[in-house]
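K.L.:
Before I ask anything, let me first share the structure, which is written out below as structure tokens.
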Amino acid sequence: MIREIVKYPNPVLVQQTAPVEKFDEELQQLVDDMFESMYAVEGVGLAAPQIGLKLRLAVIDVTVGKNPEARLVLANPEITHSEGEQREEEGCLSLPGFRGFVLRPKFVSVRAQNATGETWEMRGEGLLARAFCHEIDHLYGVLFINHLSMLKRDLIRRRIRKLQKAGDWPK
Ligand code: NI
């Protein structure tokens with residue numbers, strides 16, 4: 001089932017999340033829904049707060065559905081190591097139409113649980129490293145615009161207020 005993706009500045013995007021504790025059928029269904037919702041808008045990552053849930057859960061697939069083995073479920077993820085730097089343009093499904101250059105580590109190692117509660121660990125590079133950082137940020141109420149200069153962030157906020165006034169963006 002495709003879930004509605006909430007848009008910035010919906011307060012659920014900045015609220016505290018709780019750890020995933022029950023690895024049951026309901027969680028598997030939720031994870032399936034998250035992949036489906038993400039693929040429907042051709043995203044590479046989606047975090048639970050983006051569908052209105054205060055849960056430490058995200059999904060990532062940097063192949064956008066092309067390789068089933070690239071599907072990653074991140075329950076209770078933690079960054080265990082990061083190194084290097086990359087500066088690339090980033091976007092977010094909660095801020096469609098907006099992009100900005102964000103400095104991220106080039107390599108990021110993550111430890112998380114999958115939908116059945118098994119712990120996995122992986123070292124990501126490039127886009128995957130970026131997706132790890134972006135989605136884990138979501139679980140702590142941080143959006144990519146928080147990493148932009150104040151000038152650039154204010155510009156995006158002003159454009160969103162304009163869209164809201166025109167009725168083209170949720171309040
Ligand atoms: Ni995002």
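K.L.:
Does GLN86 satisfy being within 13 Å of the ligand (Cβ to nearest atom) and at pLDDT 95 or above?
P.N.:
Against the criterion (within 13 Å of the ligand (Cβ to nearest atom) and at pLDDT 95 or above), GLN86 does not qualify.
K.L.:
Given the conditions (1) under 16 Å from the mean Cα position of the chain (by Cα); (2) in a helix (DSSP H, G or I); (3) buried (at least 18 other Cβ atoms within 10 Å of the Cβ), which single one is not true for ILE160?
P.N.:
ILE160 satisfies all of (1) under 16 Å from the mean Cα position of the chain (by Cα); (2) in a helix (DSSP H, G or I); (3) buried (at least 18 other Cβ atoms within 10 Å of the Cβ) except (1).
K.L.:
On to the next question. How many residues does the range 53-69 contain that are modelled with pLDDT under 95 and either among the small types (Gly, Ala, Ser) or more than 24 Å from VAL41 (Cα to Cα) (or both)?
P.N.:
1
K.L.:
Is at least one residue of the range 127-140 assigned to a loop (DSSP other than H, G, I, E, B) and closer than 23 Å to MET1 by Cβ?
P.N.:
The answer is yes, given that some residue of the range 127-140 is assigned to a loop (DSSP other than H, G, I, E, B) and closer than 23 Å to MET1 by Cβ.
K.L.:
Something else: Could you check LYS152 against (1) closer than 26 Å to ASP32 by Cβ; (2) in contact with a strand residue (DSSP E or B) (Cβ under 9 Å, 6 or more places away or on another chain); (3) of a type in the set (D, E, K, R) and say which number it fails?
P.N.:
(1)
K.L.:
Still on this structure, please answer the following. Tally the residues that are under 24 Å from PHE23 (Cβ atoms) and either of a type in the set (Phe, Trp, Tyr) or within 16 Å of the chain's Cα centre (by Cα) (or both), restricting the search to the range 71-107.
P.N.:
Summing the residues that are under 24 Å from PHE23 (Cβ atoms) and either of a type in the set (Phe, Trp, Tyr) or within 16 Å of the chain's Cα centre (by Cα) (or both) in the range 71-107 gives 9.
K.L.:
Considering GLN28, GLN86, which residue is out of contact with any Ser or Thr (no Cβ under 7 Å at 6 or more places or on another chain) and over 30 Å from ARG159 (Cβ atoms)? Talk me through it step by step, then tell me what you get.
P.N.:
Working: GLN86 fails: over 30 Å from ARG159 (Cβ atoms).
Unique residue meeting the criteria: GLN28.
K.L.:
For the subset of the range 112-126 comprising residues that are part of a strand (DSSP E or B), of a type outside the set (D, E, K, R) and farther than 19 Å from ARG87 by Cβ, which member is nearest to the chain's Cα centre (by Cα)? Please lay out each step first, then the result.
P.N.:
Going residue by residue through the range 112-126, those that are part of a strand (DSSP E or B) are 112-113, 119-125.
Now restrict to residues that are of a type outside the set (D, E, K, R): 112-113, 119-120, 122, 124.
Then keep just the ones that are farther than 19 Å from ARG87 by Cβ; that gives 112-113, 119-120, 122.
On the way: ALA112: 15, GLN113: 16, THR119: 20, TRP120: 19, MET122: 17 Å.
Taking the candidates together, the pick is ALA112.
K.L.:
Filter the range 113-142 down to the residues that are under 19 Å from CYS92 (Cβ atoms) and surrounded by fewer than 19 Cβ atoms within 10 Å (Cβ to Cβ), then identify the one that is farthest from the ligand (Cβ to nearest atom).
P.N.:
Residue satisfying both the conditions and the ranking: GLY126.
The values are calculated or read from the model by the stated rules, or taken from the named source; none is laboratory data. Note that the structure is predicted; figures quoted are calculated from it, not measured. Every residue, glycine as well, gets a Cβ built from its backbone with ideal geometry; the counts of neighbours run over all protein chains shown.
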